[in-house]
Amino acid sequence: MAKPKSALPIEVDATRQQPLGMPAEDFLRDYWQKKPLLIRNAFPDFVSPISPEDLAGLACEDGVLARIVAHEREHDRWLLRHGPFPEDMFPTLPQHDWTLLVQDVDKWDADIAALLLAFGFLPRWRIDDVMVSFAAPGGSVGAHVDQYDVFLLQAQGHRRWQIDDRPDPPVHFRLDAELKLLQRFDPTHDWVLGPGDMLYLPPGVPHHGVAEDACLTFSIGMRAPAAAELLGDFVDTLAADADESLRYRDPDLAPAKDPNEIDDEAMRRVVEALNALRMNDTERLGDWFGRFITLYRSAGQAVPGEQTRSRIEIEWDLQQGAALQRHPWTRMAWRKAARGAILYAAGQDHALPVRDAQRIAAADRFDSRSYAALSESGRDVVYELLLGGHYSW
């Protein structure tokens, strides 16, 4: 039975056996999308796998989503710049009051991606990315609110976090900044996080982080599509697939009492026309959602390479010790279907036996042994995905 929200601690100490400071079931029941939680020492003896210099170098690359947020305290003015940035810019930046933020670092750095294994209690398709931020002393992005769950892991240095944990906090935004900053922020809690400490925030909790010294923070953010985004994409899919013969029909039309009125019978026929699109068909809905949620809405995607080798040659290479590595931008998930399962990979769907779908969705890498464990249809799909650029040697 869940405890009353007011009786739950907002700060806990982690152990190696319980990195959340409690069993994952308790965290999901009592905190997930309900209440913030500061977890001290969630990653004990943590050493950042990326340096500020590495992050700055990544922010200079084409195709990387990077921003710099600077705060002019004297005028309370916030400045926003978008990357990629020239390498010679960073030595010219001031010693304080700015932050570099780089999205999707888990797609560019395997050591950052490995951190996601610690969040295996969550559906993998719910995790969007790991954003890494470097902040000079005093650096911040201002008081703001996110509409998705986020775990804020302190990786290097120290950051002061303030949050407003009250019910229905004010969330009016400033009109004088390009960023969506809060007009008013009244914190109820104030902490300084060091390396290995982690703050979980559910959607809608106002928060403000300021670097106490030069620091790195990892933001493990969840993907939470807005209802309007879901509806728009689903309706677009329905419209694209709709049979032209499905139309508004009125074979039972009676003489109009008022030819200018849209009456109840007309609206009933509108509903019938929409229902013909099978909007509430769970199988169709499931297939659409699987394709939708495995397709990234950001910068990168896999593209077909110049793969001209036959499947026999590829399987021979696997037997000789080679391996296939999944493209970092290829997201996968699966679901049960009427006859087995459907594997979703970067917006594509593939019918497979359940075991194959599970194995392919879970594996970032295939060697000869794991490849051989697949059925013939599973190996067919891996080869097809390889041709599409979703695997590389």
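Is it true that some residue in the range 228-243 is part of a loop (DSSP other than H, G, I, E, B), among the β-branched types (Val, Ile, Thr) and free of Cβ contacts under 8 Å to residues at least 24 places away in the same chain? Looking through the range 228-243, none of the residues is part of a loop (DSSP other than H, G, I, E, B), among the β-branched types (Val, Ile, Thr) and free of Cβ contacts under 8 Å to residues at least 24 places away in the same chain. Hey, does the range 164-181 have a residue that's outside any loop (DSSP other than H, G, I, E, B), modelled with pLDDT of 95 or more and either touching a Pro at 6+ places or on another chain (Cβ under 9 Å) or of a type in the set (S, T, N, Q) (or both)? Scanning the range 164-181, I find no residue that is outside any loop (DSSP other than H, G, I, E, B), modelled with pLDDT of 95 or more and either touching a Pro at 6+ places or on another chain (Cβ under 9 Å) or of a type in the set (S, T, N, Q) (or both), so the answer is no. Checking residue 271 against (1) surrounded by fewer than 18 Cβ atoms within 10 Å (Cβ to Cβ); (2) at pLDDT 95 or above; (3) among the β-branched types (Val, Ile, Thr): exactly one of these is not met. Which one? With respect to (1) surrounded by fewer than 18 Cβ atoms within 10 Å (Cβ to Cβ); (2) at pLDDT 95 or above; (3) among the β-branched types (Val, Ile, Thr), residue 271 is out only on (2). Each residue in the range 206-225 was checked for being surrounded by fewer than 19 Cβ atoms within 10 Å (Cβ to Cβ) and over 15 Å from the mean Cα position of the chain (by Cα), and 3 pass. Among the numbered conditions (1) under 22 Å from residue 117 (Cα atoms); (2) touching a Leu at 6+ places or on another chain (Cβ under 8 Å); (3) of a type outside the set (S, T, N, Q), the only one that residue 292 does not meet is (1).
Output yes when any residue across the range 57-69 is of a type in the set (Gly, Ala, Ser), under 28 Å from residue 327 (Cβ atoms), more than 22 Å from the chain's Cα centre (by Cα) and in a helix (DSSP H, G or I), and no when none is.
Keep residues of the range 57-69 that are of a type in the set (Gly, Ala, Ser), which gives 57, 59, 63, 66.
Retained after the next criterion (residues that are under 28 Å from residue 327 (Cβ atoms)): 57, 59, 63, 66.
Narrowing further to those that are more than 22 Å from the chain's Cα centre (by Cα): 57.
Among the residues that remain, those that are also in a helix (DSSP H, G or I) are: 57.
Yes.
Among the residues making up the range 364-391, those that are hydrophobic (A, V, I, L, M, F, W, C) and closer than 20 Å to residue 304 by Cα are 366, 381, 382, 385, 386, 387.
Scan the range 326-338 and tell me whether some residue there is surrounded by fewer than 16 Cβ atoms within 10 Å (Cβ to Cβ) and farther than 23 Å from residue 120 by Cα. Checked the range 326-338: at least one residue is surrounded by fewer than 16 Cβ atoms within 10 Å (Cβ to Cβ) and farther than 23 Å from residue 120 by Cα.
Residue pairs whose Cβ atoms lie under 9 Å apart, separated by 6 or more positions or on different chains, with the first residue in the range 353-381 and touching a residue at least 40 places away in the same chain (Cβ under 8 Å) and surrounded by 16 or more Cβ atoms within 10 Å (Cβ to Cβ) and the second part of a loop (DSSP other than H, G, I, E, B) and not hydrophobic (A, V, I, L, M, F, W, C), are 368/320; 368/321.
Here is a yes/no grid of residues against (1) free of Cβ contacts under 8 Å to residues at least 60 places away in the same chain; (2) among the small types (Gly, Ala, Ser); (3) part of a loop (DSSP other than H, G, I, E, B):
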{"site": "18", "(1), (2), (3)": "yes, no, yes"}
{"site": "35", "(1), (2), (3)": "no, no, yes"}
{"site": "43", "(1), (2), (3)": "no, no, yes"}
{"site": "53", "(1), (2), (3)": "yes, no, no"}
{"site": "80", "(1), (2), (3)": "no, no, no"}
{"site": "91", "(1), (2), (3)": "yes, no, no"}
{"site": "96", "(1), (2), (3)": "yes, no, yes"}
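Give just the number: which of (1) within 27 Å of residue 23 (Cα to Cα); (2) in a loop (DSSP other than H, G, I, E, B) does residue 111 not satisfy? All conditions are met except number (2).
Would you check if there is a residue in the range 98-108 being assigned by TED's automatic domain parsing to the domain that holds residue 152, over 26 Å from residue 202 (Cβ atoms) and under 16 Å from the mean Cα position of the chain (by Cα)? Yes, that holds for at least one residue. Condition test on residue 153, is it touching a residue at least 12 places away in the same chain (Cβ under 8 Å) and assigned by TED's automatic domain parsing to the domain that holds residue 190? When the stated conditions are applied, residue 153 passes them.
Kindly indicate the residue of the range 274-304 that is of a type outside the set (A, V, I, L, M) and surrounded by fewer than 14 Cβ atoms within 10 Å (Cβ to Cβ) and also farthest from the chain's Cα centre (by Cα) among those meeting that condition. Spell out how you get there, then give the answer.
In the first step, residues of the range 274-304 are kept if they are of a type outside the set (A, V, I, L, M); the result is 275, 278, 280-284, 286-292, 294, 296-298, 300-301, 304.
Retained after the next criterion (residues that are surrounded by fewer than 14 Cβ atoms within 10 Å (Cβ to Cβ)): 275, 280-283, 297-298, 304.
Numbers: 275: 32, 280: 26, 281: 26, 282: 24, 283: 24, 297: 10, 298: 10, 304: 24 Å.
If we take residues in the range 274-304 being of a type outside the set (A, V, I, L, M) and surrounded by fewer than 14 Cβ atoms within 10 Å (Cβ to Cβ), then 275 is farthest from the chain's Cα centre (by Cα).
Residues of the range 328-378 that are part of a strand (DSSP E or B) and either under 20 Å from the mean Cα position of the chain (by Cα) or among the acidic types (Asp, Glu) (or both): 332, 333, 334, 335, 343, 344, 345, 348, 349.
The values are calculated or read from the model by the stated rules, or taken from the named source; none is laboratory data. Since we're looking at a predicted model, the values are computed, not measured. Methodologically, a virtual Cβ is constructed for each residue, glycine included, from the backbone with ideal geometry; neighbour enumeration extends over all protein chains shown.
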